[in-house]
Amino acid sequence: MTADHTRAPVLEALVDYHRQGRLAFSPPGHKQARGAAPDVRAVLGEAVFLGDVLASGGLDDRLTRGRVLERAEELMADAVHADHTFFSTCGSSLSVKAAMLSVAGPHEKLLIGRDAHKSVVSGLILSGIEPVWVEPQWDAERHLAHPPSAEKFEKAFENHPDAKGALVTSPTPYGAAADLRGIAEVCHRRSVPLIVDEAWGAHLPFHPALPSWAMDAGADICVTSIHKMGSGLEQGSVFHLQGDLVPAELLQTRADLLGTTSPSVLLYAGLDGWRRQMYLHGEELMGGALELAAEVRAAIEQIDGMHVNDRDDFCGPGLAGDFDPLPVVIDLDGLGISGFQAADWLHEHHAIDMHLSDHRRVGAQITHADDRETTGELLAALKDLAHAAPALRPAPRTEVPEPSELRLAQGLLPRDAFFGPAEHVPLSKAAGRVAAEMITPYPPGIPAVLPGERLTEPVLRYLSSGKEAGMNLPDPTDPELKTIRVVTRDAE
């Protein structure tokens, strides 16, 4: 039967709920905004509360006989060429953990690109999975990591033939994409599954000029954040499945283990509506976004001191396999300022918030929601930034290690280090000790230090100098990074 993508089951069920004038003596306790504080209603609007109903016993009946969510998930799977799709209201941070737990268990090996998001590391801590780290493609000139190559995954499997599967992040927040077809082939020759953390790739299925998305490239499980590059609400995530290497019911039970029993219908509605929008109009909308991004890129390139990283910068031998141009990543090296300074200046002086910032770059994310008015404001702000840059110099120095110095030796499993006996030591005495916590520059959220890794002077200098330069480190137990949580000597 042909799927009818003009339908949106969750949205339609909400309309029906209100048409019937249902009266709930059940959660949520605000009872369709009636109990919400007036000042809260004034800020959020009544629509938020009117859409906040129980998923079962509200949107659907108590036994979910209307199959509202199931029908919405089936339409999403059809739209993106997956066999099964599952909605999540806990973000891709939960979805990727469910995917990992469906492929490997405690003390089993999983190949993972070392440029993985901190949610993957959290999954390792919770599960007890043994990571086999696969090195990214390091761009030593730009101090930037791209997804690992298929050849690196091949070599890792040769060294660890008992690995249960692989996980790769693609695209990165910078727009660099992996050779997913090549990595999938490496996995499938061994009859093990490939998980793709495609949190930044919700838009990829909807325009041929974008990098191939995970399902079309042969991945077995794909995790996507609809709120990042799509039109969904924050925390709206989906994970897709195809093939027979991971049973659908197994993936569902792993998600149920971690997920909330009180899912937000608002988030479900956002996911459902976004699927309909993209299926019906996605190519047109993404085509417009690509044209706009090309204009923005060309205009920024004309600003003295700014360079927009493009395909020639990111792709090629030893670099990324493909490139998404919608994250407009601007190298500020020519201005002599850091991305941290630039992001703060744009926030303060132009009320513009950037997608990412690091020691030498800022990123402006262009989506189908942008137009020449919004990008015109961005370009005007960037021109003002270029004029203001001399007053911001010199940039506080972030001591970025060479690629060979960034890799830390894994002394213990992340789970064992995180939950084992630990103590705090001064930063000056932490070199050589095994970390018992994660330390993650954010964004983009890729940990520089994992629990179980042995700390080194270059990485400690990178973090301390980065902190002083404006780097955001949200997860260490000491927010000032004067001390670091490490495994006690007798437990190393």
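Does the stretch 222-230 contain any residue that is in contact with a strand residue (DSSP E or B) (Cβ under 8 Å, 6 or more places away or on another chain), surrounded by fewer than 24 Cβ atoms within 10 Å (Cβ to Cβ), at pLDDT 95 or above and not in a loop (DSSP other than H, G, I, E, B)? No - not one qualifying residue is present in the stretch 222-230.
Residues to consider are E423, E373; find the one that is in contact with a strand residue (DSSP E or B) (Cβ under 8 Å, 6 or more places away or on another chain) and charged (D, E, K, R). When all the criteria are applied, what remains is E423. Residues of the stretch 321-337 that are open to solvent by less than 30 Å² (accessible area, probe 1.4 Å), assigned to a loop (DSSP other than H, G, I, E, B) and under 17 Å from A214 (Cα atoms): D324 alone.
Counting only helices (runs of 4 or more DSSP H) wholly contained in the stretch 360-456, the ones carrying 3 or more residues that are free of Cβ contacts under 8 Å to residues at least 24 places away in the same chain, open to solvent by 30 Å² or more (accessible area, probe 1.4 Å) and at negative phi occupy 372-392. Condition test on A72, is it assigned to a helix (DSSP H, G or I), surrounded by 24 or more Cβ atoms within 10 Å (Cβ to Cβ), modelled with pLDDT of 95 or more and of a type in the set (G, A, S)? Yes, satisfied. What do you reckon, is E283 in contact with a helix residue (DSSP H, G or I) (Cβ under 9 Å, 6 or more places away or on another chain), within 27 Å of D371 (Cβ to Cβ) and open to solvent by 50 Å² or more (accessible area, probe 1.4 Å)? So E283 passes the test.
Among the residues of the stretch 183-226, those that are within 18 Å of L94 (Cα to Cα) and touching a helix residue (DSSP H, G or I) at 6+ places or on another chain (Cβ under 6 Å) comprise L194, I195, D197, A199, W200, A202, I221, V223, S225, I226.
Checked against (1) touching a Leu at 6+ places or on another chain (Cβ under 7 Å); (2) assigned to a strand (DSSP E or B), W138 passes all but condition (1).
Close contacts from the stretch 241-259, counting a first residue that is without any contact (Cβ under 8 Å) to a residue 40 or more places away in the chain and a second that is open to solvent by 60 Å² or more (accessible area, probe 1.4 Å) and not in a strand (DSSP E or B), with Cβ to Cβ under 6 Å and a gap of 6+ residues or different chains, come to none at all. Based on what the data block shows, is W274 under 18 Å from A150 (Cβ atoms), in contact (Cβ under 8 Å) with a residue 24 or more places away in the chain and crowded, with 16+ Cβ neighbours inside 10 Å? No, not satisfied. When the residues of the stretch 7-39 are filtered to those that are aliphatic (A, V, I, L, M) and open to solvent by 60 Å² or more (accessible area, probe 1.4 Å), the one that is modelled with the lowest pLDDT is L23.
The values are calculated or read from the model by the stated rules, or taken from the named source; none is laboratory data. Note that the structure is a prediction, hence the values are computed from the model and not measured. Note that each Cβ is placed from the backbone with ideal geometry, even for glycine, and that neighbours are counted across all protein chains shown. Keep in mind that these areas ignore ligands, DNA and RNA; they rest on the heavy atoms of the full protein, side chains included. Shrake-Rupley method; radii C 1.70, N 1.55, O 1.52, S 1.80 Å.
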